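Trainee: I'd like to ask you about the structure that follows.
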């Protein structure tokens, strides 16, 4: 082979290699998972949620069947495959409780941390969750367990100002932020595990103020 | 020039160009602004905040001078250069109010949206903010204005479960998330502007239930 031909071969070879690498990068870029960044604002009007809660069944009720912040929240929750860690100050919204119960029934590992005062409030769903076999642990110290967050499959964080009540979803100005940003997810998961262990009923001290004599 | 020399020149030229471009990309990558992703959990013990609120002055009080979630929050707030938009259900924490007042005094444009019921609660800082000349607008409808967020310089979002009260910072289990993620910042800014306009006192209707006859 002549020197000229050899150099053309080298040049074409390098160009081809660069092209293949560039194409690979482009494919990876196009195939990359889009980060989850969703913001939901409340209040929302009451809409029919049956199509989400009972998939496959048609509903002809008179309520609106449009999309809303609550249907988006339900959609995310119902997407849980393996686990749902709930850390909620107060939980009295029946529709959201129904979603959590359905996850439990289809084998998703649900754990709940809540506030000791508000778990006994009127309309609280904690009794129903416990009756169904979902473990619920509550705060054991003064001060409210005021978090309002959920972590789905240890990968998606739902957090904000929204307590899971009918008033909050239908009347208040509230926000929810949904993200799979790992910095946020990891921090909230760590907080959940910390509280889950701290509120273990096996270590419950009914008289924390009393010192042992 | 011989064909071989010409091809070497071409090959070296292309390699040099690729090197320069690669170097430029590397420099940009290294210089890129790191995204802001911070999570703060409460409660925190009471610590001395004077070094932050009165920079340059030494403090020898007996309180701890360590870093905490509250010092981190204060640090972020005090970093505001142009604007601070606050949307708070309840605001009674004196230290945070001092920080907001100091921003106002050094020319940062502060605006506050709050809840009509809780702005009159014991310890509320809304009166002091208004007295200092900060515009405060409140909800005008049923349901709580339950948001707890702040946007700094229209670029940094602070949001979470934390009401800006002493109980929340020192006693409750609470969270705050700080981010410059544009999807989140834009959504919360839009919500702020919406409420700011909706709660304009010039359009306040004292009898919203009454229909005009």
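Each reported figure results from applying straightforward, stated rules to the coordinates on display, with no laboratory input. Remember, predicted model here, so these are calculated numbers, not experimental data. Backbone-built Cβ (ideal geometry, glycine too); neighbour counts: all protein chains shown.
Trainee: Kindly state, as a whole number, the per residue volume in cubic angstrom of the convex hull around the alpha carbon atoms of segment A:118-173.
Mentor: Cα-based convex hull of segment A:118-173, divided per residue, equals 127 Å³.
Trainee: Fewest to most neighbouring Cβ within 10 Å: what's the order for B:46, B:145?
Mentor: Fewest-to-most ranking of B:46, B:145: B:46, B:145.
Trainee: Provide a whole-number value for the mean count of partner chain Cβ atoms within 10 Å of the Cβ atoms in peptide A:167-175.
Mentor: 6
Trainee: Given label points at 7 Å from Cα along Cα→Cβ, what nm distances, shortest first, separate residue A:105 from the same residue in every other copy?
Mentor: Result for residue A:105, in nm, nearest copy first: 6.1.
Trainee: Starting from the Cα coordinates of chain B, work out the convex hull volume and express it per residue in Å³.
Mentor: In chain B, the Cα convex hull volume per residue is 226 Å³.
Trainee: Given the DSSP H assignment, sum -39500 (n - 2.57) over each helix run of at least 4 residues in chain B and divide by its residue total; what's the result at 222 nm in deg cm²/dmol, nearest 500?
Mentor: Mean residue ellipticity, 222 nm, calculated: -12000 deg cm²/dmol.
Trainee: Within 10 Å of each Cβ of A:59-72, how many other protein chain Cβ atoms are there on average?
Mentor: If you average over the peptide's residues, the count of other-chain Cβ atoms is 0.
Trainee: Give me the angle, in degrees from 0 to 90, between the Cα long axis of helix A:3-31 and the longest principal axis of the Cα atoms of chain A, rounded to the nearest 10.
Mentor: For A:3-31 against chain A, the angle is about 20 degrees.
Trainee: Can you give the angle from 0 to 90° between the axis of helix A:182-198 and the longest principal axis of chain A, with both taken from C-alpha atoms, to the nearest 10?
Mentor: The answer is roughly 30 degrees.
Trainee: Going by average Cβ density within 10 Å per residue, which order do the peptides B:96-105, B:49-58 take, highest to lowest?
Mentor: B:96-105, B:49-58
Trainee: Within a 10 angstrom radius of each residue's Cβ in A:176-184, how many Cβ atoms of other chains show up on average? Whole number is fine.
Mentor: 4
Trainee: Any idea what the residue B:33 label distances to the other copies are, label 7 Å down the Cα→Cβ vector, nm, shortest first?
Mentor: So the distances to the same position in the other copies read 2.7 nm.
Trainee: Go ahead and run the numbers for FRET between residue A:23 and residue B:31, Cβ-Cβ distance against an R0 of 25 Å, rounding to 0.05.
Mentor: 0.35
Trainee: Right, next: Angle check, please: helix A:69-78 long axis (alpha carbons) against the longest principal axis of chain A (alpha carbons), in degrees 0 to 90, nearest 10.
Mentor: Its long axis makes an angle of about 80 degrees.
Trainee: Report, for residue A:128, each distance to the same residue's label point in the other copies, shortest first and in nm; define the point 7 Å along Cα→Cβ.
Mentor: For residue A:128, the inter-copy label distances come out at 4.4 nm.
Trainee: Here's another thing I want to ask about it. Sorted from fewest to most neighbouring beta carbons within 10 Å, what does the list A:65, A:146 look like?
Mentor: The fewest-first ordering by Cβ neighbours comes to A:65, A:146.
Trainee: Any idea what the alpha-carbon Rg over 2.2 N^0.38 Å comes to for the protein assembly as shown?
Mentor: Dividing the Cα Rg of the protein assembly as shown by 2.2 N^0.38 Å gives 1.25.
Trainee: Arranged from highest to lowest average of other beta-carbon atoms within 10 Å per residue, in what order do the peptides B:119-125, B:165-171 appear?
Mentor: Ranking the peptides B:119-125, B:165-171 by packing returns B:165-171, B:119-125.
Trainee: Consider the operator that turns chain B into chain A: which B residue has a Cβ nearest its axis, and what is that gap in Å?
Mentor: B:7, 2
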